[in-house]
Each structure stands twice: as structure tokens, then as C-alpha cells.
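The next block holds one structure in the form of C-alpha cells; read it before the comments.
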Amino acid sequence: MKKWSNSASVLALCLLVAAPVWMGACCAVTRGPSAEELAAMEAARQQAIADSLRAVRAEEEARLAAEEEARRMAEEEARRLAAEEEARRMAEEEARLAAEAEALHQQMMSLTTIYFDYDSSNIREDQRSVLDENARKLREYQPEDMVVVEGYCDERGTIEYNLALGERRAQAIKTYLVDAGVAESRIETVSYGEEQPAVMGSDESALAQNRRAELKRK
């Protein structure tokens, strides 16, 4: 009986020694994370959030940068196209002005032929307005130019007579121009008589076109 009692005591002592170990093991299995682990987990979570936010910001910045680059390139292209359009418009305007200036130059340089009646050096009434326009051009445009008045006749009459008639016609034009304000020193006259006809032929239409005085700038 005493032997059994001693055995029971030893068993009880073993249970008392082992119980805390066993209970600690059980508690280790069921307990939550420690404070250090929680802190590490929170730090990891915060880091993940920060990384995610950085990624979002980087993506947004990249998007904004791409949009800004696209806007800049669009503005540059618009400026380039506008500059090209302006250059084209200016070139067209310069060409138009040059063409107008050339047309005006040709118009002002051109002096109209004056026609005469048969065997006459008198200025016809229907030719006075034409001569007035010739005089205006000579006064207003390149007034330093010399002008030659060439007198012509039709084929009727002798060579000598027609040379004299052509000179009278040229002189009549010169007198008219001087009276209209053109400096006499600018005007020269020459007669070609029946030479150098403007139109070949012996009908009245051809003869009428050959009785003339031509004015030419030098």
C-alpha cells in the first residue's frame, strides 16, 4: 500500500512538472501574432500602400507627361502649318503685287499709236484723247525717259514727199505733247515715210493703218 502511494506521488509530481509545458505548447498553437509580428505586418501593409500610391502617381505623371508632349507637338505642328500658310499667303501677295506692278509698268510704258487722215498732218479729233493719255503717261511715269516720235505714211506719193509728210506728222505730235506738259528736250522726231508699213496691202484699211505716228520710249 505504501508502495502504491509513493508511485502516485511521483506521477502527480510529473504531471505538475509537465502540465505547464503542455499548456504552453497548446497556447503557442492557438495564440495570435506577437506585437513585433503585428508591427512588421503593419509596416509591410503601409509599404505596400506606399508602393501602390507611388505606382499610381508615376502612372498619372506619365499620362500627364504624354498628354503634355502631345499638346506641345500639336501646338508646334499648328504653328508650323500657320507659318507655312502665312508664307504661302505672303508669297501669293508678293506675286500678285509684282504682277500688278509689272502690268502697270507695261501699261504706263506703252504709248498708243496716233493715226492721220490721208495727206494730212493735223491731229484728228478722235485722236486727241489718245494723245492726252500718252502725254499723261510721259509726265507721270518715268518722266526722265526720252521719247521718239516716228512719222509714217501710206504708199501713195513719192518717197521724198512721204518722208516730209512723215516728219510733219512727227512734229505735230511733238508740239501737242509739249503743249500738254511734256518737256520738249525729251522728244525726238524721225520720219520713215512709206517705209516699214504696219500692214501690208493697198486697200483703204491697210492704208489707214499705215498713216500713223508711233511713240516709243528710249
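Coordinate-derived values only; no laboratory data. Since this is a predicted model, take the numbers as computed values, not measurements. We place every Cβ from the backbone using ideal geometry, glycine too, and count neighbours over all the protein chains shown.
Observations on the structure shown:
- Using alpha-carbon coordinates, inclination of helix 35-109 to the longest axis of the chain, degrees: 0
- Given charges at Cβ of Lys, Arg, Asp, Glu: the stretch 47-109 dipole, positive-most of Ala91, Gln106, Val56: Val56
- Span per principal axis, largest first, for the Cα atoms of the stretch 47-109 (Å): 90, 6, 5
- Rounded to the nearest 10 degrees, the angle from helix 2-30 to the longest Cα principal axis of the chain is 10 degrees.
- Extending 7 Å from the Cα toward the beta-carbon at both Ala101 and Asp179 defines two label points whose distance is 3.8 nm.
- Within the stretch 48-118, the chymotrypsin sites (Phe, Trp or Tyr not before Pro) that combine a DSSP coil assignment with at most 13 other C-beta atoms in a 10 angstrom radius are Tyr118.
- Between Tyr161 and Met200, the modelled labels are 2.6 nm apart [label points 7 Å from Cα along Cα→Cβ].
- Residues whose amide H falls under 5 Å from that of Thr189, counting only those 5 or more places apart or on a different chain, are Val149, with hydrogens built in the peptide plane.
- Proximal aspartates and glutamates to Lys137, defined as alpha-carbon separation beneath 14 angstrom and excluding residues fewer than eight positions away on the same chain: Asp145
- To the nearest ten degrees, helix 125-140 and the longest principal axis of the Cα atoms of the chain are 50 degrees apart.
- In the elastic network of the chain, a GNM with C-alpha springs shorter than 10 Å, the most mobile of Val147, Val130, Val56 is Val56.
- 27 Å tail of the calculated P(r), the chain, as % of Cα pairs: 68
- Rounded to the nearest 20 debye, dipole of the stretch 111-217 from Cβ charges on Lys, Arg, Asp, Glu: 340
- Overall, the stretch 47-109 carries a charge dipole of about 160 debye about its Cα centre when +1 sits on the Cβ of Lys and Arg and -1 on the Cβ of Asp and Glu, all other atoms neutral.
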